[in-house]
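K.L.:
Below is a structure I'd like to ask you about.
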Amino acid sequence: MLGYIDKIREISKRLLDEGRVDMVVGFRKGSMPMMNEPSFIKNSGEVSKLVWDSNCGINLANYLTDRKEKIGVIAKGCDSRNIVTHILENKIKRDQLVIIGVPCKGMIDRRLITAMFDTEVREVNEKGDTVTVKGAGFEKKLKKSDILQDNCSKCIHRNPVLYDELAAPLVEEQKDIDRYAEVRRIEAMSPQEKWQYFEDLIAPCIRCYACRNACPLCYCPTCFVDESRPQWVGKSQDETDIRTFHFLRAYHCAGRCTDCGACERACPVGIKVRQFTSKLNKDCLDMFGWEAGVLPDQRPPLDTFKPADPGDFIK
Amino acid sequence: MSHHVIGSVLVVGGGIAGMQSALDLANSGYYVYLLEKSPSIGGVMSQLDKTFPTNDCAM
Amino acid sequence: MGLAKRKAIYVQYAQAVPLKYTIDKANCIYFIKKGKCGACKKICPTGAVDFDQKEEIVTLNVGSVILSPGFAPFDPTVFDAYQYAKLPNVVTAMEFERVLSASGPTMGHLVRASDQKEPKKIAWFQCVGSRDMNKCDNSYCSSVCCMYAIKEAVIAKEHAGKDLDCAVFFMDMRTHGKEFERFYTTAKDKHGIRFIRCRVHTINPVAGTDDLEIRYITETGELKTEIFDQIVLSVGLQIKPEIAELAKRLGIELTEGRFCKTETFEPVATSREGIFVCGVFQGPKDIPQAVIDASAAASAAGEILSEARNTLIKHKEAVTETNITGERPRIGVFVCRCGINIAGVVDVPKVAEYAKTLPYVEFTTDNLYSCSQDTQENMAQIIKKERLNRVVVAACTPKTHEPLFQETLTNAGLNKYLFEMANIRNQDSWVHKSNPELATEKAIDLVRMAVAKVALMEPLKEAELEVNQTAVVIGGGIAGMSAAKSLAKQGYETHIIEKGKCLGGQALNIFRTPKGEDIAEKLSGLVDEITKDQKIHVHLDSAITSVDGFVGNFKSTISSNGKNDVLEHGIAIIATGASAFKPSEYNYGKDPRIMTSLELDKKFMEKDPSLKKIDSAVFIQCVGSREPDRLYCSRVCCTHSIDNAIELKKINPDMNVYVLYRDIRTYGEREYLYKKARGMGIIFIRYSVDNKPEVKPEGEKIMVGVTDHILGRRLSLEADIVTLATAVIPNRDEKLANFFKVPVNDDGFFIERHAKLGPSEFATDGVFLCGLAHYPKPIDESIAQGMAAASRAVTLLARKKIHTSGTIAETMPAVCSSCGVCVSICPYSAPSFIEETARFFPGKAQINPVLCKGCGLCVASCRSGAIRLKGFDNDQIFAQIYELSKAV
């Protein structure tokens, strides 16, 4: 990881010094362990703040929406796919960006690690594939592959799909991954079981919209949940309203979601929000052979209309 | 031209072909008389169930 | 058709136009028993029954006559061996069509006539009354039966389920229309319909049952007996004797099949000047071809009458629109009884009475027939008198009647969008006949919803556009030239854009028509006429490099020899044609004696002396057609090859001529050629696609190996020449398709607006289609389609001004996120981004009201909720839903 950091700082400094970008968007150490924060570096003297480790799960594409300046952006596989989507959806222009690609080996799951210990985790260090977790009175070595975020363990796009600079050599993509076992398990349920499953899944939701705010796809000036004329969704904790929010948000992401996991990461009550989007990702793959953010010049299937589109659902 | 041209057309038969001719002519600025033997227009096509390839109802 | 009983007073079918009852004189008691009965006259509330109507003779003076008298399905009673008259389960395809239909006697439930049992096995017999000189006098092919039989078999399986066994007994499978071959293949491979090449001789009843037994010989020569529950006779098309009589009276020449005689280069002209023909009377044909002819006939009539255009038509007076902005809604509710259609079930006065209690409703009434002319006038009076500014009609469906009521609003000076219909007939009284109370409640709910919506309706504007009166035809082949000629004769300036060095297209390469006309001679006549016409401007060596604008106002850049010109035009006709496939199989290109059909034509045209020296000639059909990667029939090749085979035989009657084919598709009266060829001793050998002929030059001769399907043996033919009937390949032009926003199918042909009803135009307004770019077709059909495209174009040009709909989408740029889904998804290219340099809302989406069709695709797709559909606004729909929720 140290090699990554040096290279990221070196590239960032060069881009800022040469005036190719006005700002570099990257990560800096957070005030709590495993909580790296986005950082906006505007002069090359500050590049030493930039870090890289297995706690950089936030999707930086989220910070590129409607920016006017020239930006250097650190992009792992999923960020780069969201950048592609952003370019397609006019959120930023390609020539505004210098994409610093970071081949990714997966991010670790803060929630999983915290749950392993009774007391507070004070320090987390990593070396190679070993992650050392320290707290008051304990120190434990963990294997990184055992504590990856769920989406990272199923990722087949670790390398950026679009980049101008590379912070490290490309990594080998994971092969023979069954990405949709969980979706198939739910698909196989009876309607009653499914209903119960989703009821239980979203029961803890407090509608804080953290998932929406973390998602690079949710950039509408007025989100449908905030719209009052007409009011599509009630503002209360009514179950119907909560369901409407989750279902509709998932549909808005259909064909665009890169499974970056930002929503799940952001959820303060630990809802597996990706259960909604994964199903639609699978459907897009099955029905249209489509994966979001991979093709730089093709719009997602739900953005296009052809008279010959599958229409079996209309009876 | 010496002879007088009359701006109207008689279409004999109100099946799909007759109807199409009549419509085209009327929309082009001619007065059309559409002659049909039976009480309603539509011809044989109105007796068909569905038509290929759209499976539209022939109606 | 005698499948079910109807009353002596009847409507032909539920959607009949006009939807008026008729008395069947032959079965009415009043007419049979001289004045007895007459109950209908007493009971009719509008006094519409008139027993004294007499036949009148009306004399009309018209400028032209178009004959489209249609056909009669062949009556198979004369076929003793099929016992159609005796066996109830032997039916004609027309009767079967009614059984499949939801509006038919069994409401679409597939049962056989004798015992109402659901059949498990159905057979279709092809060519009943077609291609038959023995039992009837129709030696032509009826063109449509193969395809309709397959369609019926597929739909029968859809109705009855997978277990239904469908077998089609045929001679040659003639699926030569657009997308037909694909349908045939799917029917065979996916639906499991059996196709058996055999003409069955006899149908025998199975004693003690209603089943039917047939015997037939399979392709391998095996004799089989099979029992079916039902047999459908695929009856052909024939001209009624009275029509032949009429033709005689008019002095019009007929063909030997009693169809109207026409010439290839004037496909809709009868032998009598000023009288044109279309539909099946012109020759056996399917619906799209009939629609093409029909427009062509209209064009032909228009060509001779153009100086008298607009002399006899009537115009309506325009009424000034009242400004209702800021007014409190004053709603009028008109509840229709529709005779007893609604009032027989729904308590109409109660509904009208209820409507009075709704907010903003100032006037309610009920009408016997809201759509009758006097009610319409009355309604306009009421609107004015009561100063109504919104109107609800609770009656039937807006699909048929909205325009009528909107016209009434317009006549009363109201914007026509201040209107809403509640469908209390189709969606209420018709479907809840047995429950009048609930039906009345539902009518009340529907009216309440409509009132809530109409109160929120606003006057909508329709954009008015001038239509540029110039036409552009892309492609100077025979179809394009015919279109241009027709447009020019009807008074329009027309530009032909041809990429080549001369006009003529593929017709330049063809020797003669199957009717024996010399193409070169006719073609040069046409080219001459085009070049001399003052209104036609020919651009050779030219191509369109960009297109801006939309219907009525296109701006195209035409590049010729490096020079660019901008042309403004109102419509465009795409006639970009096709070319002949150059195969890589059959050793083509390696020996000059192995040639394509067009190369043989060239030899005929040049009167090549080598043709006289040929002792043996082989034709191979379907080269590049009807194969997995080109799954369409090229339509012209069977007739073309047979005609050329006959020509060779004429040059040297001792010549051995072989035609190796898969199915002979000499549809319509082209069949006579096939018959003639066989009579001349031309030998036809069928091969199958998985066992193709082999062609090998061996010294002096070319050896052609083919497996004879009757002998089951490999034959070796010695040939001096081998002619390959190669596929017709469209000049795939994605760029042009993109310029005009018109679609192209997988094969590269353009996709028309509607396969049946809009064959010569695109879904994009102002863009039309003809010739080989649409689908392979012979010269007569290309010319007809060229004229048809012109006719369709004239209907648009003649309007001079066009109005777009007021029901269109509009963006709210403040909420727009510029994501571009609307721009991407719109089939009509109506949305675009506001320019980056604009002062307000740069980069946000906007919708061109002229291009928008109001389909709502963008509205539904907009994640940001930034698009509204006028007339179907969110608040209007929510108001309706809210009122509905009061019902439960």
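K.L.:
If you average the alpha carbon positions of segment C:272-290 and of segment A:219-277, how far apart do those two centres end up, in angstrom?
P.N.:
Centre-to-centre (Cα) distance: 60 Å.
K.L.:
Of all beta bridges DSSP finds with both residues in segment A:1-136, what is the antiparallel percent, to the nearest 5?
P.N.:
In segment A:1-136, approximately 60 percent of DSSP beta bridges are antiparallel ones.
K.L.:
Would you work out which of C:P653, C:V78, C:I729 lies farthest towards the positive end of the dipole of chain C? Charges go on Cβ: Lys and Arg +1, Asp and Glu -1.
P.N.:
Working it through, the farthest residue towards the positive pole turns out to be C:V78.
K.L.:
Also, I was wondering about something else. For C:E303, what charge total do you get from the other residues with a beta carbon under 14 Å from its beta carbon, if Lys and Arg give +1 and Asp and Glu give -1?
P.N.:
So the surrounding residues net to -2.
K.L.:
Heavy-atom accessible area per residue, segment A:108-147, 1.4 Å probe: how many Å²?
P.N.:
The answer is 67 Å² per residue.
K.L.:
Treat each spin label as a single point 7 Å out from the Cα along the C-beta direction, and report the C:Y10 to A:D286 distance in nm.
P.N.:
Spacing of the two 7 Å Cα→Cβ label points: 5.0 nm.
K.L.:
Among C:F228, C:S791, C:P329, flag the residue with its Cα farthest along the positive direction of the charge dipole of the protein assembly as shown, charges on Cβ as +1 for Lys/Arg and -1 for Asp/Glu.
P.N.:
Positive-end residue among those listed: C:P329.
K.L.:
For the pair A:D309 and C:R215, what calculated FRET efficiency results from E = 1/(1 + (r/R0)^6), where r is the Cβ-Cβ distance and R0 = 60 Å, to the nearest 0.05?
P.N.:
Working from the Cβ atoms, E equals 0.80.
K.L.:
Give the aspartates and glutamates whose C-alpha is closer than 13 Å to that of C:K603, dropping any in the same chain fewer than 8 places away, or say none.
P.N.:
Counting by Cα, and skipping residues close in sequence, C:K603 has these aspartates and glutamates nearby: C:E647.
K.L.:
Could you compute Rg(Cα) / (2.2 N^0.38 Å) for segment C:60-196, with N its residue count?
P.N.:
Normalised Cα radius of gyration, segment C:60-196: 1.18.
K.L.:
For the modelled label position 7 Å from the Cα of B:Y33 along Cα-to-Cβ, which residues of segment C:262-285 have backbone nitrogen atoms closer than 12 Å?
P.N.:
The answer is none.
K.L.:
If you take the accessible area of C alone plus B alone and subtract the pair, what total do you get in square angstrom, rounded to 100, with a 1.4 Å probe?
P.N.:
4600 Å²
K.L.:
Right, another one. Give, as ranges by residue number, the residues of segment C:701-723 whose backbone N falls under 11 Å from the point 7 Å along Cα→Cβ of C:N691.
P.N.:
Answer for segment C:701-723: C:706-715.
K.L.:
May I pose another question? Rg (Å, one decimal) plus Dmax (Å, integer) for the alpha carbons of chain A?
P.N.:
Using the Cα atoms of chain A, the pair Rg, Dmax is 20.2, 66 Å.
K.L.:
Give me the dipole magnitude in Debye, nearest 20, for the protein assembly as shown about the Cα centre, with unit charges on the beta carbon: positive for Lys and Arg, negative for Asp and Glu.
P.N.:
That gives the protein assembly as shown a dipole magnitude of about 1000 debye.
K.L.:
Excluding C:V154 itself, what net charge comes from residues whose Cβ is under 10 Å from its Cβ, given Lys and Arg +1 and Asp and Glu -1?
P.N.:
Local net charge: +2.
K.L.:
Would you work out the charge dipole size for segment C:75-238 about its Cα centre, treating the Cβ of every Lys and Arg as +1 and the Cβ of every Asp and Glu as -1, and quote it to the nearest 20 debye?
P.N.:
Using Cβ point charges on Lys, Arg, Asp and Glu, segment C:75-238 gives about 340 debye.
K.L.:
Go through segment C:844-869 and flag every residue whose accessible area shrinks by 30 Å² or more with all protein chains in place compared to the isolated chain (probe 1.4 Å).
P.N.:
The answer is C:R863, C:S864.
K.L.:
Given the peptides C:53-61, C:269-277, A:116-124, arrange them by the average over their residues of other C-beta atoms within 10 Å, most packed first.
P.N.:
My ranking of the peptides, most packed first, is C:269-277, A:116-124, C:53-61.
K.L.:
Using only the alpha carbons of segment B:1-48, determine the length spanned along each of the three principal axes and report them from longest to shortest in whole angstroms.
P.N.:
47, 19, 13
K.L.:
Once the Cβ-Cβ distance between A:S44 and C:I877 is put in as r, and R0 is 41 Å, what FRET efficiency do you end up with, to the nearest 0.05?
P.N.:
Given R0 = 41 Å and the Cβ-Cβ separation, E is 0.15.
K.L.:
Cβ under 15 Å from C:A814's Cβ, C:A814 left aside: what net charge do those residues give with Lys, Arg +1 and Asp, Glu -1?
P.N.:
0
K.L.:
Quick one: 3J(HN,Hα) in Hz for segment C:114-127, Karplus 6.51/-1.76/1.60 with θ = phi - 60°, rounded, Gly and Pro as x.
P.N.:
5, 9, 6, 7, 6, x, 9, 9, 10, 10, 10, 10, 7, 6
K.L.:
I would also like to ask the following. Can you tell me what the convex hull of the Cα atoms of segment C:331-455 projects to on average, as an area in nm²?
P.N.:
6.3 nm²
K.L.:
Are any of the pairs C:K692/C:K756; C:K777/C:K853; C:K801/C:K844; C:K316/C:K461; A:K29/A:K76; C:K499/C:K582 more than 23 Å apart by Cα-Cα distance, and if so, which?
P.N.:
Beyond 23 Å between Cα atoms: C:K692/C:K756; C:K777/C:K853; C:K801/C:K844.
K.L.:
Taking the solvent-accessible surface of protein heavy atoms with a 1.4 Å probe, what is the per residue accessible area of chain C in Å²?
P.N.:
Each residue of chain C exposes 45 Å² on average to a 1.4 Å probe.
K.L.:
Buried accessible area for the C:A pair, summed, 1.4 Å probe, in Å² rounded to 100?
P.N.:
1500 Å²
K.L.:
So, one more: Using just the alpha carbons, could you tell me how many Å³ per residue the convex hull of the protein assembly as shown encloses?
P.N.:
Roughly 245 Å³ of hull volume per residue.
K.L.:
Let me know the charge dipole size of chain C about its Cα centre in debye, to the nearest 20, where only the beta-carbon of Lys, Arg (+1) and Asp, Glu (-1) is charged.
P.N.:
1180 debye
K.L.:
To the nearest whole percent, what portion of all C-alpha pairs in segment C:263-387 is separated by more than 25 angstrom?
P.N.:
Tail fraction, whole percent: 58.
K.L.:
Among the aspartates and glutamates, which have Cα under 12 Å from the Cα of C:K675 when same-chain residues fewer than 8 positions away are ignored?
P.N.:
Leaving aside aspartates and glutamates fewer than 8 places away in the same chain, those within reach of C:K675 are C:D132, C:D643.
K.L.:
As a check on your grasp of the helix formula, calculate [θ] at 222 nm for the protein assembly as shown: sum -39500 (n - 2.57) over DSSP H runs of n ≥ 4, divide by the residue count, round to the nearest 500.
P.N.:
-8000 deg cm²/dmol
K.L.:
In Å³ and rounded to a whole number, note down the convex hull volume per residue for the Cα atoms of segment C:809-885.
P.N.:
Taking the convex hull of the Cα positions in segment C:809-885, it is 93 Å³ per residue.
K.L.:
When the expected Rg is taken as 2.2 N^0.38 Å, what fraction or multiple of it is the alpha-carbon Rg of chain C?
P.N.:
1.08
The values are calculated or read from the model by the stated rules, or taken from the named source; none is laboratory data. Just so we're clear, the structure is a prediction, and the values are computed from it rather than from any experiment. All Cβ positions, glycine included, derive from the backbone under ideal geometry; neighbour counts span all protein chains shown. Ligands, DNA and RNA are excluded from the accessible area calculation, which covers all protein heavy atoms including side chains. Shrake-Rupley method; radii C 1.70, N 1.55, O 1.52, S 1.80 Å.
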